[in-house]
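A.B. asks: Submitted below is the structure of interest, expressed as structure tokens.
FYI, it's all coordinate maths here, none of it is from the lab. Note that this is a predicted model, so its numbers are computed, not measured. Here the Cβ positions follow ideal geometry from the backbone for every residue, glycine too, while neighbour counts run over all protein chains shown.
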Amino acid sequence: MKKFSYPHKIFLALLAVMLVVFILSSVSFAPTKLMSDADLSDVDGQALFSIVQFINATYSLSNTGGALAPGTGSQNIIRLNLGLDVQMFGLAKSQKLGYYDDGSHGSGWDIDQTNLSMGSADHTTSPLTMNGVYLEFGFDNINNNATRVLNYIDVGTMHASGKITATINTINTLASNNGTGQNNGVLLRATGSGTRTIHFSNEVLSFLFATKYRYTDNSGNGTNVSGIFMKLPNYNTNNTT
């Protein structure tokens, strides 16, 4: 059983709308008047999305200086940059993802949170914002139909601001602050007592679905992981509003 949270539903709905707009906008009509060079120079436009491919790659994950970070352990990485900015308030009674036996904790959820709140407590000011939403896929042998493997899907943003509050029953976390948790910021089905609030200040927020993934923290330390994870800047007990 899987239950998808409010932000997942928003993202999927927005992605569907964008695909419809893209399809409709691709229909061509014969022009009734040729545009001059002057007319063309007055036209402004913005790309709906861009697609970037990285090969065997070290590539830029930094949101501050464009520094290169070690690759994710996949030979080929396809990133769809949606150019999408999202502001949201949300409240979900329960969020559960990834129920199975992980080999070390027995059967259970990778992510199990209750009373999940996004944005300020009053839900009228300070929304959770995500700028530059992306969808990324990691492959091995992408050009070989017989041996091609999809290693992971990562969806989110490198530029989140605001906060998320929840009662965390269990969570898989990849925390960019390597002082958080164990194994260079990797927490496996960690439990948190009481309510926790995570604050974002132009930082990473994404969901990772992986059978094979190499996670590297801000200090360059790497850990091989598999499962469903939330990428967060930290994991703390700050319960202030």
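A.B. asks: Go ahead and run the numbers for FRET between residue 94 and residue 226, Cβ-Cβ distance against an R0 of 22 Å, rounding to 0.05. Walk me through the numbers before you get to the answer.
C.D. replies: Numbers: r = 24 Å, r/R0 = 1.09.
FRET efficiency, residue 94 to residue 226: 0.35.
A.B. asks: Whole number please: convex hull volume per residue of the Cα set in the range 122-192, in Å³?
C.D. replies: Details: hull volume 11.0 nm³, N = 71.
About 154 Å³ per residue, rounded to a whole number.
A.B. asks: Return the long-range amide H neighbours of residue 202 (sequence gap of 5 or more, or a different chain), with a cut-off of under 5 Å between placed amide H atoms.
C.D. replies: Placed amide hydrogens put 160, 161, 162 under 5 Å from residue 202.
A.B. asks: Say R0 is 25 Å: what FRET efficiency, to the nearest 0.05, do residue 78 and residue 146 get from their beta-carbon distance?
C.D. replies: 0.85
A.B. asks: Can you put 140, 154 in order of Cβ neighbours within 10 angstrom, beginning with the fewest?
C.D. replies: Starting with the residue having the fewest Cβ neighbours, the order is 140, 154.
A.B. asks: Give a residue-ordered list of calculated ³J(HN,Hα) values for the range 107-116 (Karplus: 6.51 cos²θ - 1.76 cosθ + 1.60, θ = phi - 60°; whole Hz; x for Gly, Pro).
C.D. replies: 6, x, 9, 5, 10, 9, 10, 10, 6, 7
A.B. asks: For residue 153 and residue 52, what does the FRET efficiency come to when R0 = 22 Å and r is the distance between their Cβ atoms, rounded to the nearest 0.05?
C.D. replies: 0.90
A.B. asks: How would the range 88-231 be classified by its alpha-carbon gyration tensor: rounded, prolate or oblate, with rounded meaning a/c under 1.5 and the a/b versus b/c comparison settling the rest?
C.D. replies: On the way: a/c = 1.73, a/b = 1.41, b/c = 1.23.
Judged from the Cα gyration tensor, the range 88-231 comes out prolate (a/c at least 1.5, a/b above b/c).
A.B. asks: I've got another one for you. Starting from the Cα of residue 87, move 7 Å in the Cα-to-Cβ direction to define the label point; list residues of the range 100-141 whose amide nitrogen is under 15 Å from there.
C.D. replies: In the range 100-141, the label zone of residue 87 (backbone N under 15 Å from the point 7 Å along Cα→Cβ) covers 119-120, 123-132.
A.B. asks: Spin-label point model (7 Å from Cα, Cβ direction): what's the residue 195 to residue 121 distance in nm?
C.D. replies: 0.6 nm
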